[in-house]
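Enquirer: This is the structure, below, for whatever I ask next.
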Amino acid sequence: MNILSIYAHHEPSSFTSALKNTALSVLTSQGHQVFESDLYGSGFEPRAEKFDFITSSGGHFNYMLEQRHAAQNGMTFGPDIRQEIEKLKAAETIIFHFPLWWFGAPAMLKGWFDRVLAMGVAWDGGKYYDTGLMRGKSAMLCVTAGFPKDFYRIDGKHQATMQQILHPIQHGTLAFCGFDVIEPFIVYNSLGLSDQERAEALKEYQFKIEHIVDSPAYFHQF
């Protein structure tokens, strides 16, 4: 299977990095073809701009419509976007490794969503959810969260569950594009873990990755 890891963290010694490295090691040992996008390491540009396109449709600039125009006219995106789209199309499963910042993805990863999950590539007019252009592929989030698990409850400090917090990404972005979304792997209290707790979390993630091929979808297309 072709598997793409999207890694969005600036620190190589972070626990997010340790989780990502665990996934890559397991998947490689299982014989999968593994691709990686290290967004910070590669200096990925998160801003969506006019310069993202080699050609233009002319007239009033609408970013999404320019994405569709580029997709329909020889994939005339800028080189960095085109490279990511090629990996996206080759992958059967995508794993996103990132820390939870302000109840969402870091700007670097949000920029990847904006620029790479392009109109005409990942979705289009009338082609979303069960008819999304990424149908047949699966996606999973691996997230590190700074607070303890009991903060992420309706009656907790954050007054929201992790499922609610991740809904805009898992449903509004990935499922929208047609991905079958695998149940996420969440590490809570990531900055306060003991060495033993870190080791246990990595062991649990190793098991999760070893069985990612037969993991049930968390959000089914319907």
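The values are calculated or read from the model by the stated rules, or taken from the named source; none is laboratory data. Only a predicted model underlies this, so the values are computations on that prediction, with no experimental measurement involved. For neighbour counting, all protein chains shown are included, and Cβ atoms are generated from backbone atoms with ideal geometry for every residue, glycine included. Protein only, heavy atoms only, side chains kept; ligands, DNA and RNA dropped before computing areas. Shrake-Rupley method; radii C 1.70, N 1.55, O 1.52, S 1.80 Å.
Enquirer: Would you mind stating whether VAL181 is assigned to a strand (DSSP E or B), without any contact (Cβ under 8 Å) to a residue 60 or more places away in the chain and surrounded by 20 or more Cβ atoms within 10 Å (Cβ to Cβ)?
Expert: Yes; evaluated as a whole, the condition is true for this residue.
Enquirer: Going by the structure shown, is HIS10 assigned to a loop (DSSP other than H, G, I, E, B), out of contact with any His (no Cβ under 7 Å at 6 or more places or on another chain) and free of Cβ contacts under 8 Å to residues at least 24 places away in the same chain? Steps first, please.
Expert: On the way: assigned to a loop (DSSP other than H, G, I, E, B): yes; out of contact with any His (no Cβ under 7 Å at 6 or more places or on another chain): yes; free of Cβ contacts under 8 Å to residues at least 24 places away in the same chain: no.
No, not satisfied.
Enquirer: Right, MET162: among the hydrophobic types (A, V, I, L, M, F, W, C) and either modelled with pLDDT under 95 or more than 20 Å from THR22 (Cβ to Cβ) (or both) or not?
Expert: Here the answer is yes, as MET162 does meet what is asked.
Enquirer: Between SER215, SER194, which is modelled with pLDDT under 85 and open to solvent by 10 Å² or more (accessible area, probe 1.4 Å)?
Expert: SER215
Enquirer: Among the residues of segment 143-178, write down those that are in a helix (DSSP H, G or I), open to solvent by less than 30 Å² (accessible area, probe 1.4 Å) and farther than 24 Å from LYS89 by Cβ.
Expert: MET162, ILE165, LEU166
Enquirer: Of all residues in segment 114-142, count the ones that are touching a Phe, Trp or Tyr at 6+ places or on another chain (Cβ under 7 Å), closer than 30 Å to TYR188 by Cα and in a helix (DSSP H, G or I).
Expert: 1
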